[in-house]
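For reference, the structure discussed in these notes is given below.
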């Protein structure tokens with residue numbers, strides 16, 4: 001069994017920030033079709049702030065909960081927008097889910113994904129099928145729990161989560177939006193992937209690579 | 001190809017704009033120490049007065065920060081371009097304008113703004129500051145009439161803020177200020193048309209595509225797609241289509257009174273706005289509706305988007321009284 005220490009979590013935020021930054025223009029373009037074209041900018045800003053804030057913590061004194069709470073606060077105050085409260089709540093819940101742990105074990109990572117998905121859902125009040133980031137996060141958390149429950153190792157469970165997120169984001173193309181700016185579009189949003197679900201795939205994939213190793 | 005803008009650094013555009021605003025309007029506004037995205041009126045707070053906090057994304061100037069001043073909003077929380085401010089500057093605004101009579105949040109109905117302002121309100125409740133929220137939902141193109149609560153807030157913010165700011169300035173009770181804000185919103189109807197996109201300072205790429213001879217009716221102030229896209233029409237035809245839709249909801253009677261706002265989305269010039277207004281005035285006169293006051297110009301923009309919106313604010317004695325109440329803000333004066 002591998003354990004994940006705070007240094008790995010700090011590196012995870014750096015990996016997410018790098019991947020989101022590389023993905024910025026694609027996310028803005030997706031958002032331009034059905035929203036206001038700023039999603040990539042907000043995500044880049046937020047994860048850059050989270051990366052810098054957690055990198056500035058004293059690794060000897062910071063536990064995983066501190067890492068996630070610091071990421072939440074810095075993300076929120078750098079961004080606002082919709083993604084700010086949604087990801088800030090996800091990270092605060094992640095921090096609560098691993099409270100008291102000095103390092104994370106496999107089961108903690110499963111709990112962390114579940115807590116993040118639940119946090120996003122509680123804050124945004126979206127249900128599955130409403131063409132939001134929830135359509136990537138919920139299946140990812142579910143697939144991860146199922147895989148872990150079936151005895152798959154952490155790398156396998158994370159891969160299942162990333163696959164489910166990709167499939168979930170793909171499925172948003174066939175959905176009519178129920179939340180967010182694109183909800184005013186009705187059927188005109190059909191055929192277009194939700195940008196929040198698309199960025200969730202990038203985040204989850206970066207988490208997979210950082211935590212699986 | 002990137003669009004041309006007079007900026008230094010896209011990532012710093014909002015903060016550099018704020019420096020310019022503060023330099024130009026020191027008599028009206030100040031930024032809070034330690035919270036530069038909280039713009040507060042010089043006169044605030046006043047003991048016993050309901051504090052009015054507005055806010056939202058940048059790029060709509062003079063909405064929102066231009067309406068901070070005596071007789072209108074007490075403070076504005078400033079977000080990034082087209083993005084809600086986070087809770088912190090909202091909280092600082094509320095604390096700075098709290099006169100002990102409650103704080104009213106009034107802003108456009110967008111998912112991001114609602115989440116951030118609600119988080120701020122939850123945290124303020126822990127400090128015993130009572131916050132109530134009135135969302136503006138004047139964009140009639142953004143959802144059907146029976147789903148008014150889903151509609152966006154656009155240029156009609158102007159009338160809702162004006163009425164609410166007047167109610168607060170007259171030291172009315174928290175209940176009364178909230179009631180007047182809701183009523184002003186219920187009496188306000190806006191629809192817009194877009195002719196060309198804008199581009200965000202950070203990307204400098206058009207935020208949507210529109211054919212050279214096309215226009216889009218009902219497009220939102222962040223480029224959210226509207227209701228119909230088609231060939232460019234004349235000013236009269238556009239004004240007629242918007243007025244017809246507004247009348248369909250407002251159901252005016254002869255003798256009604258309205259205030260009118262013909263607003264540029266950014267790059268549409270006054271000439272075109274006044275051409276639109278000449279048709280609006282004609283239609284109102286034909287319907288036997290009295291025009292109490294008209295504003296024409298840049299009131300709620302979408303960066304350099306080309307296009308315009310028309311807002312009718314249906315008046316009764318009370319709303320007319322609030323509209324005529326004097327105010328003195330950095331970018332707007334009345335009375």
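Since every read-out is calculated from the coordinates, none of them should be taken as a lab result. What you see is a predicted model; the values in this text were computed from it and never measured. Note: ideal-geometry Cβ built from the backbone for every residue, glycine included; neighbour counts use all protein chains shown.
Any idea how far apart residue B:5 and residue A:173 come out in nm if each label point goes 7 Å out from Cα toward Cβ?
Simple spin-label model gives 3.1 nm for this pair.
In Å and on Cα atoms, what radius of gyration and Dmax does region B:10-187 show?
14.9, 45
Can you sort A:130, B:33 by how many other beta carbons sit within 10 Å, fewest first?
B:33, A:130
Using only helices, what value at 222 nm comes out for chain A when you add -39,500 (n - 2.57) per DSSP H run of length 4 or more and divide by the total residues, to the nearest 500 deg cm²/dmol?
Dividing the helical sum by the residues of chain A leaves -23000 deg cm²/dmol.
Can you give me the distance in nm between label points at residue B:292 and residue B:12, each placed 7 Å from the Cα along the Cα-to-Cβ direction?
If labels sit at residue B:292 and residue B:12, their model points lie 4.6 nm apart.
Give me B:309, B:58, A:210 ranked fewest to most by other Cβ atoms within 10 Å of their Cβ, as a rough exposure proxy.
Exposure proxy ranking, most exposed first: A:210, B:58, B:309.
Give me the inter-chain shielding for B:108-116: mean count of other chain Cβ atoms within 10 Å, whole number please.
6
Of all DSSP beta bridges located in chain B, what percent are antiparallel, nearest 5?
60 percent
Given only helices, namely DSSP H runs of n ≥ 4 each adding -39500 (n - 2.57), what is the per-residue ellipticity at 222 nm of chain B, to the nearest 500 deg cm²/dmol?
Value at 222 nm, helices only: -10000 deg cm²/dmol.
Taking chain A as the reference, fit the longest principal axis to its C-alpha atoms, fit the long axis of helix A:195-212 to the helix C-alpha atoms, and give the angle between the two in degrees, 0 to 90, nearest 10.
20 degrees
For chain A, take the longest principal axis of its alpha carbons; what is the angle in degrees between that and the long axis of helix A:24-34, to the nearest 10 within 0 to 90?
Taking Cα atoms only, the helix is inclined about 40 degrees.
Given a Förster distance of 51 Å, report the FRET efficiency between residue B:182 and residue A:58 from their Cβ-Cβ distance, rounded to the nearest 0.05.
0.55
How many angstrom lie between the Cα centre of region B:1-61 and the Cα centre of region A:30-90?
For region B:1-61 versus region A:30-90, the Cα centre distance is 23 Å.
To two decimal places, what compactness ratio does the protein assembly as shown give when its Cα radius of gyration is scaled by 2.2 N^0.38 Å?
After normalising by residue count via 2.2 N^0.38 Å, the value is 0.99.
Could you calculate the FRET efficiency of residue B:148 with residue B:173 from 1/(1 + (r/R0)^6), where r is the beta carbon distance between them and R0 is 25 Å, rounded to 0.05?
According to the calculation, E is roughly 0.45.
Would you mind calculating the gained length between residue A:190 and residue A:66 on full extension (0.36 nm times residue separation, minus the Cα-Cα distance), in nm to one decimal?
Once the chain is fully extended between residue A:190 and residue A:66, it gains 40.6 nm.
FRET efficiency for residue B:42 and residue A:3, Cβ-Cβ distance as r, R0 = 51 Å, nearest 0.05?
Result of the calculation: an efficiency of 0.35.
For a paramagnetic label modelled at 7 Å from the Cα of residue B:228 toward its Cβ, which residues of region B:292-335 fall within the zone defined by backbone nitrogen distances under 20 Å?
B:307-312
Return, ordered by residue number, the residues of region B:293-331 whose backbone nitrogen is under 20 Å from a label point located 7 Å along Cα→Cβ of residue B:237.
It comes to B:306-310, nothing else.
In vacuum, with every alpha carbon of region B:28-122 counted as one equal point scatterer, what does the Debye formula give for log10 I(q)/I(0) at q = 0.13, 0.21 Å⁻¹? Two decimals, please.
Scattering profile of region B:28-122, log10 relative to I(0): -0.35, -0.94.
Could you tell me the distance between the Cα centroids of region B:155-178 and region B:275-303, to the nearest Å?
Each part's Cα centre sits 22 Å from the other's.
Going by how many other Cβ atoms sit within 10 Å of their own, how do B:175, A:63, B:240 line up, fewest first?
Fewest-to-most Cβ neighbours within 10 Å comes out as B:175, B:240, A:63.
Return, ordered by residue number, the residues of region B:154-174 whose backbone nitrogen is under 15 Å from a label point located 7 Å along Cα→Cβ of residue B:130.
B:172-174
Quantify how strongly other chains surround peptide B:204-215 by giving the mean number of their Cβ atoms within 10 Å of each of its Cβ atoms.
2
Across peptide B:76-86, how many C-beta atoms of other chains are within 10 Å of each residue C-beta, on average?
6
Label-point separation (nm) for residue B:33 and residue A:29, each offset 7 Å from Cα along Cα-to-Cβ?
Result: 4.9 nm between the two label points.
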